[in-house]
Amino acid sequence: MQCRALFPARLRLSAAGLALASAFFLTALPARAQELSFVPFHQNGIYALGEKAGWTVTLAQGATASSHYTYIIKRNNFDVIAAAALDLSSGSATIETALSEPAMLYVEVRADAPPTSPAQGRQAAAPVAVMGTVVHLGAAIAPTQLQPSVPRPADFDAFWDAKLKALAAIPINPVLTPTQTSSSGVELYTVKLDSLGSHVQGYLAKPAKEGKFPALVVFEWAGVHALQPNTVTDRAAEGWLAFNVDSHDLPPSQATGVSTEYQAIGNTDRETSYFLNMYLRDSRAIDYIASRPDWDGKTIVVMGTSMGGHQSLVAAGLNPKVTAVIVNEPAGADSNGDLHGRRAGYPNWPSDDPKVMETALYFDTVNFASRIKAPVLAAMGFIDIVVPPVGVWIAIDQIPGPKEAIPMVESNHNNLTPEKIGAFTARSQEVLGIILNGGEFKPNEELTRKK
C-alpha cells in the first residue's frame with residue numbers, strides 16, 4: 001500500500017472539512033455517472049442516532065437517465081443493510097436510511113447492475129471497485145459515540161511502560177552525516193540513532209543559522225521506500241527543525257532491504273511483532289529531537305499520513321514531549337473490527353488467527369489514544385477502503401484532550417483520491433503556520449454533534 005501527501009472531551013469539526021463536504025457533481029467519473037449529482041442531507045455527512053441520513057440524487061439539467069441505477073448501503077463497509085433501484089423517472093430520487101446505533105454508512109451506486117440483496121452483501125475481504133460501480137458515498141451516524149470493538153488489554157500500559165523504561169536505558173548515540181542539498185539556507189543531515197533492538201534512521205534539516213527552532217517530526221506512510229530530502233528541507237526553509245523518520249531500520253536513501261510484507265513479521269506475539277521496534281523508534285526520535293541544543297524547548301509536532309498518521313498517534317501516546325499531532329487518514333485502528341461487524345483496514349492483520357488478533361491489540365492506535373495529551377487534528381475519508389473511517393473515529397474518540405476532526409466525505413484513501421484531501425491540506429498548513437509563529441493550536445469549537 002502506497003500512501004502519500006484528527007473526544008470524552010468535546011469533538012470539534014474544522015470549517016475546512018465542511019467546505020469539502022458540500023454538494024458535488026461527478027464530472028470525473030465515467031460518462032454514465034456524469035448524468036447524476038448527489039447532495040447529502042447534511043453537508044458535513046454526519047447524522048444523529050435515528051435520524052434519516054442520505055442523499056438527494058438528481059439528473060443533470062436536460063439529461064435523461066441512460067442507464068438503470070441501483071444502490072447498496074453497507075454498515076461500517078461490512079454488512080449490506082439496504083439495496084434498491086433508483087427511480088429517476090421524475091428526475092430525482094433519494095438514497096436514505098436511519099440507524100439506531102453509531103456507525104459509518106458506505107454506499108455503492110451502480111449502473112446496469114441488478115440490486116444486491118442483504119443476504120448476498122456480506123463480503124469476506126475488503127471491497128474493491130466492480131464493473132458497473134459509478135460512485136461511492138459515505139456518511140457517519142453519531143460517530144463520537146463509537147466504541148472500541150474489544151476492551152483495551154489490562155496490561156497495555158504496563159507492557160509499554162516497561163518497553164519505554166528499557167529504551168531509556170540505551171544511550172541515543174546520535175550519528176549525523178552532513179548531506180548535500182540544493183535547498184538554500186538550510187543544513188541537511190543523514191541521522192542514525194540507537195534504539196531498543198534497532199536503529200532510528202532518517203533525514204534531519206535545520207535553518208542554516210544560529211538559533212532555537214520548533215521541531216516537526218514526520219513519519220512515513222506504509223511500504224519500503226527511500227525518503228525524499230525535500231520533506232525536511234522545505235520545512236527547514238520555513239523555520240522548522242525537521243526530522244523525517246524512516247519506518248524501518250534502513251538508511252533513508254535506501255528503498256529495499258525489508259520484506260514488503262513486514263506487517264506480518266512476528267504478528268502472533270507482542271514481543272516479536274515488527275511494529276514493536278518501529279513504535280520504539282518513533283518514541284526515540286522524539287527523545288532525540290528534544291535533546292538537541294537547537295530545539296526551542298517547547299514545541300514538538302508529529303505529523304503523517306496513513307501509516308505515518310498511525311505512527312504519529314502512537315508516538316504521541318508513548319511520549320508526552322509531543323505538543324501537537326496532525327494526521328491524515330491514520331492507519332492502525334480497530335484491528336479486531338472484522339470480528340465485530342466493522343471493516344478493518346491496514347495493516348490488515350488476519351482476523352482468522354486468534355493469536356494475531358490478541359497481539360494486534362497491543363499495536364492498535366485505539367489503545368494508545370487515551371495516553372495522548374497533545375491536541376490532535378485528524379482527517380478521515382468517508383469512503384476510504386484502505387483505512388476505514390470507523391476506526392479513525394474510534395481512535396480519536398478515546399483521546400481525552402482537545403481534538404478537531406476533518407470529515408472528508410468524498411475522499412477514498414489519499415493516494416486513490418488525492419484531489420479530495422484539500423480540506424486536510426488547507427487546515428494542516430494553517431495549524432503549522434500558527435505553531436511556527438509561536439501561537440497555540442486550539443482545535444475549532446464547531447461541534448460535529450450538531451447538524
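The values are calculated or read from the model by the stated rules, or taken from the named source; none is laboratory data. Since the structure is predicted, the reported quantities are computational estimates derived from the model, not experimental observations. Ideal geometry is used to build each Cβ from the backbone, glycine not excepted, and the neighbour counts take in all protein chains shown.
Confirm whether ASP282 is at negative phi, part of a helix (DSSP H, G or I) and in contact with a strand residue (DSSP E or B) (Cβ under 9 Å, 6 or more places away or on another chain). Yes. Give all pairs with beta carbons closer than 6 Å in which a residue from region 201-217 that is assigned by TED's automatic domain parsing to the domain that holds VAL186 meets a residue that is acidic (Asp, Glu) and part of a strand (DSSP E or B); count only pairs at least 6 apart in sequence or on separate chains. Final answer for the pair search is LYS206/GLU187; ALA208/GLU187; LYS212/ASP296; PHE213/ASP296; PRO214/ASP296.
Only residues that are at pLDDT below 95 and more than 18 Å from LEU241 (Cβ to Cβ) were counted in region 178-196, giving 1.
For ILE396, the conditions (1) under 23 Å from ASN367 (Cβ atoms); (2) over 12 Å from the mean Cα position of the chain (by Cα) are fulfilled apart from (2).
Looking at ASN277, ASN336, ASN348, which is the one that is among the polar types (S, T, N, Q), surrounded by fewer than 24 Cβ atoms within 10 Å (Cβ to Cβ) and over 18 Å from the mean Cα position of the chain (by Cα)?
Values: ASN336 fails: over 18 Å from the mean Cα position of the chain (by Cα); ASN348 fails: over 18 Å from the mean Cα position of the chain (by Cα).
Criteria check complete, one pass: ASN277.
Entry remark, region 354-375: residues being assigned to a loop (DSSP other than H, G, I, E, B), more than 18 Å from the chain's Cα centre (by Cα) and either of a type in the set (Gly, Ala, Ser) or over 18 Å from ALA158 (Cβ atoms) (or both) number 1 in total. Screening the candidates VAL224, VAL232 for the property of being in the same structural domain as VAL302 (by TED's automatic domain parsing) and within 16 Å of VAL302 (Cα to Cα) yields one hit, VAL232.
All conditions but one from (1) touching a helix residue (DSSP H, G or I) at 6+ places or on another chain (Cβ under 8 Å); (2) crowded, with 22+ Cβ neighbours inside 10 Å apply to VAL224; the one that does not is (2).
Kindly indicate whether any position in region 189-212 is part of a helix (DSSP H, G or I), of a type outside the set (A, V, I, L, M) and farther than 23 Å from ILE326 by Cβ. Scanning region 189-212 turns up no residue that is part of a helix (DSSP H, G or I), of a type outside the set (A, V, I, L, M) and farther than 23 Å from ILE326 by Cβ. Every residue in region 88-103 that is of a type in the set (A, V, I, L, M, F, W, C) and assigned to a loop (DSSP other than H, G, I, E, B), please. Correct list: LEU88, ALA98, LEU99.
Taking the residues in region 248-264 that are more than 17 Å from SER195 (Cβ to Cβ) and within 24 Å of the chain's Cα centre (by Cα) as candidates, determine which candidate is surrounded by the fewest Cβ atoms within 10 Å (Cβ to Cβ). Here the residue is GLU261. Among the criteria (1) of a type outside the set (Gly, Ala, Ser); (2) modelled with pLDDT of 75 or more; (3) out of contact with any strand residue (DSSP E or B) (no Cβ under 6 Å at 6 or more places or on another chain); (4) surrounded by 14 or more Cβ atoms within 10 Å (Cβ to Cβ), the one PHE24 does not fulfil is (2). Checked against (1) modelled with pLDDT of 95 or more; (2) not in a loop (DSSP other than H, G, I, E, B), ALA119 passes all but a single condition, namely (1). On the stretch given as region 285-330, residues that are at positive phi and surrounded by fewer than 24 Cβ atoms within 10 Å (Cβ to Cβ) total 1. Checking LEU146, LEU137, LEU88, LEU105 one by one, the residue that is modelled with pLDDT of 95 or more and farther than 17 Å from GLY341 by Cα is LEU137 and no other.
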